[in-house]
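These notes concern the structure reproduced below.
What follows draws every value from the coordinates through simple rules; no lab data is involved. Since the model is a prediction, treat every value here as computed from it, not as a measurement. Neighbour counts run over all protein chains shown; Cβ positions are idealised from the backbone, glycine included.
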Amino acid sequence: MTSMGKTRRMMSVGLSGAALAMALAVPAQAGQSAQAGDAGDAGETPTAAVGWQLTQTGTDARFRGLAAVDRTTAWAAGSKGTVLRTTDGGRSWRNVSPPGAAELELRDVEAFDARRAVVLAIGEGEASRVLRTDDGGATWTETFRNTDPRAFYDCMTFFDHRHGLAMSDPVDGKYRILSTRNGGRTWEVLPDAGMPAALPGEAGFAASGQCLVSSGPKDVWLATGGGATARVLHSADRGLNWTVAEAAIPAGEPARGVFGLAFRDRTHGIAVGGDYRKDQPSPHAAAVTGDGGRAWSAASVPPPAYRSGVAWLPHSRSAALAVGPTGTDLTTDGGRTWRTVDTGSYDTVDCTRDGACWASGEKGRIARLGRSPA
């Protein structure tokens, strides 16, 4: 268990996306993560007026799944079948893990409110599962268990409280799409006639719960890597028919490609990724689109290293955050240029309409973007 020490009380940022971006755009040395007493992360001091404020989670699980509902409520899903939920802005977290799930690797969570959430377990064959709760995690129901040993589910997304999709790595040369029309209570595999063929070695990355994302009632995008080129697939009809475009992020190796996507509407999107191996550089780790993913352009000043998660700041048309094991980067021009504002390790990030941003990652790390009390 990670020692978190005394929990730092946090204040709501209460700023628009533009104002929040300005508050974050401080010199990098002043943007290191404010701590909740975690002595295990050397070099991080609470010097930024606005920055990530670590919360006390009481676990050392790695949280690659994150669903921010609002300023007070968030869910996190991670290793060892761990699910946490907060309803007080991160001051306390309740362990609401499904019983008997310790062997599951949970990599994605989609939450509708403080009581209803759906989690995805990844892995080959029956390791890939979907579970749903309607009572804040007091009880869970397994609603899907993969029985095809060739399938490996990576990510899921919901268009609304009823309609959602999950994606598997290619089976018989095409990505497999799972669909629900009742909030994840039942699932069916969609026909693959409208799915383009996968490249040799191509797959999705279950690194942040963001390899499958949606915007609006029908648009969805799927991120890939591992093949000769990194690609982004797009569907405008909830996963029945897909188009494909090269993503302007290097691939060509099993560890390279697009790891995370974020769309602020059905046309403007950001892709982040690189090479997740610690000893390998990621010189072109971000790309942008302004036409719904038909074409992607490499960032002119990308993040300096591999990034696995990305999120638009609330109510902003130009500001977004990207996170990875070596830090957090900020863009204020829609993803064309980035600057590092934090050096803490996070795997994924999510922001809410009411102005809250959350991030999670290794060693039980879950943080909320905020300012320390004066």
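Quick check: Cα centre of the stretch 105-128 to Cα centre of the stretch 286-307, how many Å?
Between the Cα centre of the stretch 105-128 and that of the stretch 286-307, the gap is 28 Å.
Order by neighbour count: 246, 362, fewest other Cβ atoms within 10 Å first, most last. Provide the component values of the computation, followed by the final result.
Values: 246 14, 362 17.
Ranking 246, 362 by Cβ neighbours within 10 Å, fewest first, gives 246, 362.
Once you keep just the Cα pairs under 8 angstrom separated by 6 or more residues, what percentage relative contact order results for the stretch 199-291?
Numbers: 249 pairs, mean separation 22.4, N = 93.
The normalised contact order for the stretch 199-291 reaches 24 percent.
With a 10 Å Cβ neighbour count serving as the proxy for reagent exposure, in which order, fewest first, do 63, 144 appear? Provide the component values of the computation, followed by the final result.
Values: 63 30, 144 23.
Arranged by neighbour count, lowest to highest, 63, 144 become 144, 63.
Rank these for me by crowding, 167, 22, going from fewest to most other beta carbons within 10 Å. Display every interim value, and only then the final one.
Working: 167 27, 22 14.
Ordered by Cβ neighbours within 10 Å, fewest first: 22, 167.
Over all directions, how big on average is the projection of the convex hull of the alpha-carbon atoms in the stretch 141-198, in square nanometres? Could you put the intermediate results ahead of the total?
Values: hull surface 16.5 nm².
The orientation-averaged projected area of the Cα hull of the stretch 141-198 comes to 4.1 nm².
Using modelled amide H (1.01 Å from N, peptide plane; none on Pro or chain starts), what sits under 5 Å from the amide H of residue 97, excluding residues fewer than 5 places away?
Here 83 satisfy the definition.
Collect residues whose amide H, placed 1.01 Å from N in the peptide plane, falls under 5 Å from the amide H of residue 342; neighbours closer than 5 in sequence don't count.
328
Convert 10 °C to kelvin, take the viscosity as 1.306 mPa s, use the Kirkwood radius over C-alpha pairs of the stretch 54-183 as Rh, and evaluate the Stokes-Einstein diffusion coefficient in µm²/s, rounded to a whole number.
Working: Rh = 14.7 Å.
Diffusion coefficient, whole number: 108 µm²/s.
Distance from the Cα centre of the stretch 158-195 to that of the stretch 242-281, in angstrom?
Measuring centre to centre over Cα atoms gives 21 Å.
Which number comes out as Rg/Rh for the chain once both Rg and the Kirkwood Rh are worked out on C-alpha atoms?
Numbers: Rg = 18.8 Å, Rh = 20.0 Å.
Taking Rg over the Kirkwood Rh, I get 0.94.
Given just the C-alpha atoms of the stretch 175-310, how large is their convex hull per residue in cubic angstrom? It would help to have the intermediate numbers written out before the result.
On the way: hull volume 13.4 nm³, N = 136.
Value for the stretch 175-310: 99 Å³ per residue.
Remind me, relative contact order of the chain in percent, using alpha carbon pairs under 8 angstrom and six or more residues apart? Write down the numbers at each step before the final one.
Details: 1218 pairs, mean separation 62.2, N = 374.
Rounded, it is 17 percent for the chain.
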